Structures are given as structure tokens and as C-alpha cells.
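Chemist: I'd like to ask some things about the structure below.
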Amino acid sequence: MNYMDLISAAPEMTLLGLICVVLIADLFIDDEHRVYTFWLSMASLIVTAAVIYATAPVSRVVLFDGSYVSDGLSQVLKLGSVIFVGLAFFYARDYLRVNEIHKGEYYLLGLFGLLGMMIMTSANSLLTMYLGLETLALSLYALVAIDRNNVTAAESAMKYFVLGAIASGCLLYGISWVYGVTGSLQFHEIAAAITADPSLNNLPLWFGLTFLIVGIAFKFGGVPFHMWLPDVYQGARTPVTLYLASAPKLAALALALRILVDGLGGLHETWSSMIMVVAVLSLLVGNIVAIAQTNIKRMLGYSTIGHVGFILLGIFCGTGEGDAAALFYTLTYVVAAAGSFGVIIVLSRRGYEAENLTDFNGLNARSPWVALLMMFLMFSMAGVPPFVGFFGKLNVISAVLSAGYPGLAVLMVLASVVGAYYYLKVIWYMYFEEAEDKAILQASTDTRFVLSLNALAVLALGIVPGWLMALCIQVLG
Amino acid sequence: MLMTNLLSTLVWLPIIGGAALLAIGDNGDARASRTAFMRIVALAVTLLTFALSIILYAAFDNAATGMQFVERVAWIESLQVFYYLGVDGISAPLILLTTFITPLVVIAGWDSIKDRPAQYFAAFLILEGLMIGVFSALDGLLFYVFWEAMLIPMFLIIGVWGGERRVYATLKFFLYTFLGSVLMLVAFIYLYLQSGSFDLFGFMNVPLELSVQKYIFIAFLLAFAVKVPMWPVHTWLPDAHVEAPTGGSVILAAIMLKMGGYGFVRLSLPIVPDGSEYFSGLMIALSLIAVVYIGFVALMQTDMKKLIAYSSIAHMGFVTLGMFLLWHIAAETGAGLGMTGAMVQMISHGLISGAMFLCVGVLYDRVHSREIADYGGVANTMPVFAAFMVLFSMANAGLPGTSGFVGEFMVIIASFKANFWYAFLAASTLVLGAAYTLWMVKRVVYGEVANDQVAELQDLNSREFIVLAMLAISVLLVGLWPAPLVDMMNVSIELLIEQVGQTKL
């Protein structure tokens, strides 16, 4: 093995090293100076991002006996994950300090989760994928429980852990079947085995595939494996929900694309129908149930389920165009999701969580700027142009139509009209109702600045979406 | 520089102006000087936009076929989307209407808007830019972006500054129109996959089977019928109009309804000519129902704004009637008459309905009631206002010499050439329109002074006078001398009819 090859795996190694540094440094930082841990973590993220950027491979590189891959997709997803994790840390800092749960663990677990995500995006074998997934999942379980005195947080952590363990079990069981049938764990070898011997494309492999899809659907929060998602979104402290709602979606996308497209692309006919059922159910259940919610975190949870329907329908097409559309959708959706949880954090203050829809009453009178930003985010999620959410939907609908499913395309647009209602409801509370709570927002200037950048990004990306679309097509074309 | 980017300037100047107003913001500072500053900026921007559109009018070549002032830059390369603007004789008059009405709306909101003026004027400026964008976009996706984005400021205008049931009305408005338009998006994407780009001319040239054309026509129909609005998808309009602030009602009636008619002309007819022919009978039937049935509904209204809203639906019935008569008239006897009538009717209805809503606004600002029963004998205390109101009502009823007459008369003549019964039903508007409008005028303007509030009314101030006088002049101008307007449209309409005549099967 050529040691120069290891350079392609440098981002993970760098991050792991930096995490160890932060871990040790955090021991010597007392609660009053906890913000140093934050800055150290941010510095680690910046260094990691620089390493990812610097080690971008010219072409696809496969390492460690075929268990690790570095290609355009992994680069884009890794950079995206680093940015979103950084964003989550930024929003979290003041909130954690004000609510006296400012512990180093939030950042450390966040960094470990990021490491898991990066391993997942670069996995080229089922085992690597599983290891990355567990690294991420264990960090997330602990993150949800970070405020251990909070009963709902503890309860949702428990629920998340138990259900997550079952899903991981399903995934592992599916992996064992696929390994048993094809004789390999590596995606390219699995694909080659299926091409070489078409008789493999039969019941035993389909059986394993079904369990893999259960695992994937669970990680995405696709119906009917979505039960954990609203409870965890609502129960976790808002910065944790923000973390959960952003970067891990990119990892889930990697999970789906690597396994279904790289590994089992030959079984497209079989898995596409299963994915379609999950996707259509997610679209309907997510958007319809969200209407009835009064808790905004729970509502955004159901809305996530609806968006997952769109992402899965992109993958469902089985075309490069569809995969690129799913990637574009995920990246841009996560920008809006991070921003909207960011607004909830900005509205919160000590001992008070702005988590009911009515807490947004009259926000336009209290802070026209934050209300405007939230409006941008909501219209983006609803898919109203010129915000970027519209272009995400456009790409997926276009992919579905060109794959020859006009009925699905109509269903998608109708579901987004249903979805528009609850996003409009937020705007209605912000703009058309009187404020009950006249308190001035306490967010610090830099948090407001980051929030502004985040929300204006959905407008800017909507006005110039071309480069990101081209990038998505380039890495998946 | 200006001439090559004239359309972009028209689109972006108001949007940037609106964004600037938002950036300055209200900041909870309710001082009069700040409010005054906001509205002066808003007025300056809209007047400048109007001045620029006059340049557009002056430089417009009536004899040229095809698009003028074309701008074309790649926007999203992977989807072959272009930032592609241009106008012809069909869209240019509508842009002029937009730039003419918006400053009047700003002036109309001068004193009556005290709550968050910066946001109010910003919403109207951004809306103006987006509406001009809809009328000048020649790329399907760009058109759709402007078309949908337009809903956002209107949603806020009705919801924030509207009447009592504003939340219900604005949600209904948004969801109704959003539902109508999303299927148009699916149709656009289908056409893109067939033709390889979102260029509207590419859409027009791509051959399509009749069954596909029917589906696409239905998708377009849902989008445009909701906007026009046609019976039976008109129910959002009375609610939206009644609850909207005066300015919102004016923009809604004068311009946003025209988008539906414009959509039929720009998209439905040339892109799916055979589908349009297939459904033309249905379209004529729906239009006639709108003219007759909605006319009767208008007769029964007790709320002035509702009455004018229903009268708008009835008048817009003439627009769709004129367009879809095309296949029912032999070409040599002047198939263009109905189409020209429809286009003139759009402009004229824009002026008249805007003026009518402004008249109601004038009364509402003073009495805070829209009920006909709360008024009576207004002519005694507001003679100047009464004169204007009577003039606009006559125009609304289609009196010769006003703009209302020209378009309706052309459409009725055209329908005579098609079928006597079409003409018979269409002509019933001359009776019905006169009945509901003049009966309202009789109850509101004439008679004894009804109550103390009416007795204390002040006549128009100079600001209101200017607004109504501008509209009165234009209504009479189009009515007495429609030639400049018709000349502007002629070449484009001939081209359109030629295009629609060629089958795409």
C-alpha cells in the first residue's frame, strides 16, 4: 500500500486527532470558560474543512482494501456536514450558556457525530457504513439526553435509543443476508457479483434488501418508520434538535445512495417500488399530520417527514438526474431546517422555550427582521419561488416526470400545497396576530448575523441556484 | 444601456426600491416624518417606473412582429433556463397598466395607512416589479417564478392590513391560487422534457399529441381560471376583495386578474392550440355563465366591495369569451375582433375596476363601512366625488364613450358572428351591468341624506381628486380614442391568430 494514498482519508484522521485534543483540553476548562471549548471545536471544524478541501481527489480513490472511498459525492457531503455542524454549534452556544447546560459534551458529541457522518459518506463497504452509522447514532442518543434533569429529553433519548437499536439490528441483519448471497461486503463487488450472476437477483437477496431499506427509512424518518422523529424533535433541547435535523440528513442520504445505488443498483426494479411506498406515505403522512400540530418543533418534525418523501422520490427514479435532485434537495432543505430551528433558539431565553406556534404571535412587531427571515425560511420549505426550496422540488419533480411517472409528479405538487398551509400558519401568527409577549429578543449580535446569513442563503441560492445544481449533477452524473 | 436593459430596469427598480424600504424599516418609530419619508420614496420609485414605461411605450414599434426589448442571459444552465425578457403588443399595454395603477395605489394609501407604512409600501413596490416580470418573462420557469412570488406580497397585504376576516380571506386566496398554479408547473416541466428548454417559443414549436394537449390545457386552465377568475373557481375573489385594504383590492382587480387572461393568450392558445380548440366550447359556456349568472349574483349584494368583485368576474367573462370565440368565427369575417375586444376589455376593466374600488375606498376611509345601506344621498355632501363615481359606474355598465363600451362591444359583435345565442347571452350584460351598477349608485349617491355620518362627509381632498381624475381621463381616452391601444396590439394579435391556426398534432 502506498502511504500517499492515505492522504485521501486525511479528513477523518485529522478530525479524530482534533477531537482528542478538544476532549483533553475540555477537562481543564471550567464552566465559566466553557466558551473556549466552543472556539476550539469551531477551530477543529475549520481545519477539517480545509483538509477536506485540500485533499479533494481528482478522481475516485478507493482505500483500505476497498472499504473506504473518496469521490466527489463524499467531498460535497463532508463539506456540507462540517458547515451544518458548525452552524449548529454557533446557534447552540448562547442557548446552552443561558440555560446552564453549557457542557463540553455537546460539542464533543457533536464532533464525534460528525466523524461518524464523514465515515458514512466515504463508506465503500457495508461494514464501514455500519461503523460510521453507529458512531453517529451513539453520539446522537447521548446528545438528546444531554440535559439529564429534563424528563422529556430523557424520555425521548430512551425512545430514540431503543428504536434506533432495533433499526440498526435490522440493518445488520440485512447486511448479513446480502453478504451471504453475494459473498462480499464491498459495494463495487456486490454490484459486480449481481451483474455476473443474474440468478442472484432473487428472493434471498430481496429479503436482505428489505431489511436494509427498513434501516435506511428509519434513519431518514420515512413512514412507517418515522415514529421516533416527532417525539425526539420535540423532546430534545432545541440546539440538539437543530443538530439532529441538519447534518445527519446528509449522512442518511449517503447511506441510501451508497447502498442502493453503488451496491444494489442492479436491483433497482425491486427496491424502487419499496422506496416509492415509503416516499409516498411520508409525503402524505408528514404533510397532513403537520397541519394539526401546535408545537413548532413537532410540526417541523412532521414537515421533515414530508421532505424526506421528496428526497426518497429522487432516489426512487434510479437515474443520475434523480440522485442529483435528491442531493440538491437534501442540501438546500437542511439550510432551511437549520435556519428555522435557529429562529426558535433566537426567540428562546432563560427558562423559556419558544416552541408553541402561538409564541410566534406578533413577531413582526417585536422584531421585523427576524420575522422576515423566518418568512423566507417558511416560504422556502413550502416551495414557493424565488426561494431555493422551490428549485429543490422542481428538480425532483423533473426527475420523476422524466422517469415516466406523471401521476407521482401530480401527487407531489398536491402534497406541497397541503404542506404550504402549515408554513403559512407560522407566517400568519408572526404577521397577522398581535404579540402577547413583548419581551425584546436577547440573541447576541453574532448569532443574529449567522442567522441572517443562513436565512438569506435560501433567497440567494434561489436567485442563483445554477452552480449548486451543476455541482450535484457533476458528482452524481 | 438603458434601452437594452429597459425591461430589467422596470422589473428590478421597484423590487430594489421595496427592499430598500424594508431595510430602512419601521423600527416601531411611528413619527409622522418617518412615515412621510416612506411614502415619498415609494411614490418616487413608482413614478420613476411609470416614466420608464412611457419610454417603453414611445420606443415600441407597432409594426414589428415578434418580441421587442429582448434580454436573454443564461440563468440555470443545467436546466436550460434563461433570464429571458421581451414584450410584444399583448404584454406592453399590460405593463403600462401596471406602472400606471401602482403610483395611484401609493397615493391612495397616503393617509389611510398608519400601521407599518414601510412594509406596506415595500409590499406594493415588490409586487409591482414581480407583476411586470410576469408580463415580460419569455422563459417558462422565469414566468413561473414571478407568477408564484407575486402571491407572497399580496398574501401579506391582505393579511396584515385587511379587514376583520382577513386571515381567512388571505389563506383562501393563497391556497386557492397556489393549488391552481402547481399543476401548471408540472405542465411546464413536461414541456421542458419534450422541448429541451424552458423557452416559451420552444414550448410553442414542440409537436404534441391531442391527448397530451388536453392534459396540458387543463393544467393551464386551473392556473389561469383561478386567477381570472372564472365560474366556478371564483369564490376566493369576493372574500379577498372584501377583506383587502383599498390598495390591495385595486391591484388585485386591476392587474392580478389580468394575469389569468394574459396566461391564456401567452401560453394556452399558442402552446396547445388543438387542446384549446377542443375545449373552446366549454370555455365559452363558462364565460357566459360568468357573464349572466354572476351578473345576477352581483345584483343581490349589499356590500359595495362584494358587488364590484362580482361585477369584475362578470366583466372578465368577456375576456375569456372573446378569446375562445376564435374557433367559432370564420377567419375572413374578422376572427381577430373577439381577441382584440378581449385585450381591450382587460385594459379597460383594469382602469374601471381600479377606479371603482378607489371610490369605495374614499367612502370607507370616512365612514368605515362598505354596506350600501349605510349610505344614501352622498351627492349632497360630496358633489365632486359623486360625479366621479357616476362616471365610473357608467363606464362599468358599458356606456358608449367610456372604455367599458369598446371591449364589450367588440366581443359582442364577434359573438354575433359566431352564434346568435352567444351574443344574446353576452349582451344581457348591458342590462344586468347597468342594473347592478346603477342601482348601487342610486342607493349610495342619490336620494336624501341617509344619516348623520353622510351629512358630515367631506368632499374629495386634492390627493383623492388627482387619483380619480387620472383614472377618469384614461377611461374616457380609451373610450373615445382607442386607436393607439388597438394599433399597439394589432400585429401581435394577428401573429397569435396565425399561430393558433396551425395545428401541432
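Chemist: Which far-off residues, 5 or more places away or on another chain, put their amide H under 5 Å from the one on B:D199, with H placed in the peptide plane?
Modeler: For B:D199, whose amide H was placed from the backbone, the distant partners under 5 Å are B:G140.
Chemist: Which of the lysines could a cross-linker span from B:K504 if the Cα-Cα distance has to be under 18 Å and same-chain partners fewer than 8 positions apart are dropped?
Modeler: B:K214
Chemist: Short version: ³J(HN,Hα) in whole Hz for each residue of segment A:287-298, in order, from phi by Karplus 6.51 cos²θ - 1.76 cosθ + 1.60 (θ = phi - 60°), x for Gly and Pro, what are they?
Modeler: 6, 7, 5, 4, 4, 7, 7, 10, 8, 5, 5, 5
Chemist: Which of the three applies to chain B, rounded, prolate or oblate, going by the alpha-carbon gyration tensor with a ≥ b ≥ c and a/c under 1.5 meaning rounded?
Modeler: Details: a/c = 1.73, a/b = 1.24, b/c = 1.40.
Oblate, because a/c is 1.5 or more while a/b does not exceed b/c.
Chemist: Under a 5 Å amide H to amide H cut-off, with H placed in plane at 1.01 Å, what residues pair with A:Y68 once short-range neighbours are removed?
Modeler: A:L63, A:N124
Chemist: Among A:434-442, B:113-121, B:389-397, how do they line up by average Cβ neighbours within 10 Å per residue, starting with the highest? Provide the component values of the computation, followed by the final result.
Modeler: Numbers: A:434-442: 11.2, B:113-121: 21.6, B:389-397: 24.7.
Most protected by this proxy first, the peptides run B:389-397, B:113-121, A:434-442.
Chemist: Which whole-number percent gives the relative contact order of chain A, counting Cα pairs below 8 Å spaced six or more residues apart?
Modeler: Numbers: 794 pairs, mean separation 66.8, N = 477.
RCO, chain A: 14 percent.
Chemist: For A:C20, B:C359, which order do you get if you count the other beta carbons within 10 Å of each Cβ and list the fewest first?
Modeler: Values: A:C20 10, B:C359 27.
Neighbour counts put them in this order, fewest first: A:C20, B:C359.
Chemist: Relative contact order (percent) for segment B:183-327, with alpha-carbon contacts under 8 angstrom and 6 or more residues of separation? The partial results should precede the final answer.
Modeler: Working: 161 pairs, mean separation 39.5, N = 145.
It comes to 27 percent, rounded to a whole number.
Chemist: Please average, across the residues of A:384-395, the number of beta carbons from any other chain that are within 10 Å of each residue's own beta carbon, and give a whole number.
Modeler: Details: counts 8, 12, 6, 4, 0, 0, 6, 5, 0, 2, 10, 4.
For this peptide, the per-residue mean of nearby foreign Cβ atoms is 5.
Chemist: To continue, here is another question. State, as an integer percentage, the relative contact order of chain B based on alpha-carbon contacts under 8 Å between residues 6 or more apart. Please report the intermediate quantities before stating the final value.
Modeler: Working: 870 pairs, mean separation 79.8, N = 505.
For chain B, the relative contact order is 16 percent.
Chemist: Neighbour counts of other C-beta atoms within 10 Å: give me A:F38, B:F124 arranged from fewest to most. Don't jump to the answer; show the numbers that get you there.
Modeler: Numbers: A:F38 22, B:F124 28.
Ascending Cβ contact count within 10 Å gives the list A:F38, B:F124.
Chemist: Taking H placed 1.01 Å from N in the peptide plane, check which residues at least 5 places from B:V81 or on another chain put their amide H under 5 Å from its amide H.
Modeler: For B:V81, whose amide H was placed from the backbone, the distant partners under 5 Å are B:W75, B:I76.
Chemist: Moving on to the next point. Determine which lysines satisfy two conditions relative to B:K306: a Cα distance under 18 Å, and not lying fewer than 8 residues away in the same chain.
Modeler: List returned: B:K172, B:K227, B:K442.
Chemist: Name the chymotrypsin sites (Phe, Trp or Tyr not before Pro) in segment B:214-287 that are in a loop by DSSP and that have at most 15 other C-beta atoms within 10 Å, would you? Don't skip to the answer; put the middle values down first.
Modeler: Numbers: sites: B:Y215, B:F217, B:F220, B:F224, B:W236, B:Y262, B:F264, B:Y278, B:F279; in loops: none.
Of the chymotrypsin sites (Phe, Trp or Tyr not before Pro), not one in the loops of segment B:214-287 has a Cβ with at most 15 other Cβ atoms within 10 Å.
Chemist: Where in segment B:133-176 are there trypsin sites (Lys or Arg not before Pro) that are in a DSSP coil and have at most 12 other Cβ atoms within 10 angstrom of their Cβ?
Modeler: Working: sites: B:R165, B:R166, B:K172; in loops: B:R165.
When the trypsin sites (Lys or Arg not before Pro) of segment B:133-176 are filtered for loop state and at most 12 Cβ neighbours within 10 Å, B:R165 remain.
Chemist: Additional query: Label the protein assembly as shown by shape, choosing from rounded, prolate and oblate, from the square roots a ≥ b ≥ c of the eigenvalues of the Cα gyration tensor; if a/c is under 1.5 it is rounded, and otherwise prolate applies when a/b is larger than b/c, oblate when it is not.
Modeler: prolate
Chemist: If you keep only loop residues by DSSP, which chymotrypsin sites (Phe, Trp or Tyr not before Pro) in segment B:158-208 have at most 12 other Cβ atoms within 10 Å of their Cβ? Show your work: numbers first, answer last.
Modeler: On the way: sites: B:W161, B:Y168, B:F173, B:F174, B:Y176, B:F178, B:F188, B:Y190, B:Y192, B:F198, B:F201, B:F203; in loops: B:F198.
Of the chymotrypsin sites (Phe, Trp or Tyr not before Pro), not one in the loops of segment B:158-208 has a Cβ with at most 12 other Cβ atoms within 10 Å.
Chemist: About the Cα centre of chain B, what is the dipole size in debye to 20, counting +1 per Lys and Arg Cβ and -1 per Asp and Glu Cβ, all else neutral?
Modeler: That gives a dipole near 460 debye.
Chemist: Taking the alpha-carbon distance from B:K114 and a cut-off under 21 Å, which lysines remain once sequence neighbours fewer than 8 residues away in the same chain are dropped?
Modeler: A:K438
Chemist: Continuing with the same structure: By counting other Cβ atoms within 10 Å of each Cβ, how are A:E32, B:E498 ranked from fewest to most? Each step should come with its number before you reach the end.
Modeler: Values: A:E32 9, B:E498 12.
Final ranking by Cβ density, sparse to dense: A:E32, B:E498.
Chemist: Going by a ≥ b ≥ c, the root eigenvalues of the Cα gyration tensor, does segment B:10-122 fall in the rounded group (a/c under 1.5), the prolate group (a/b larger than b/c) or the oblate group? Write down the numbers at each step before the final one.
Modeler: On the way: a/c = 3.56, a/b = 1.76, b/c = 2.03.
Oblate, because a/c is 1.5 or more while a/b does not exceed b/c.
Chemist: In whole Hz, what ³J(HN,Hα) sequence does segment A:246-256 give by Karplus (6.51, -1.76, 1.60; θ = phi - 60°), x for Gly and Pro?
Modeler: With the stated coefficients, segment A:246-256 comes to 9, 4, x, 5, 5, 5, 4, 5, 4, 3, 5 Hz.
Chemist: Another one. Using θ = phi - 60° and the Karplus form 6.51 cos²θ - 1.76 cosθ + 1.60, what ³J(HN,Hα) does each residue of segment A:205-210 get, whole Hz, x for Gly and Pro?
Modeler: 5, 4, 4, x, 4, 4
FYI, it's all coordinate maths here, none of it is from the lab. What you see is a predicted model, and the numbers here were worked out from it, not measured in a lab. As a convention, Cβ positions derive from the backbone with ideal geometry for all residues, glycine included, and neighbour counts pool all protein chains shown.
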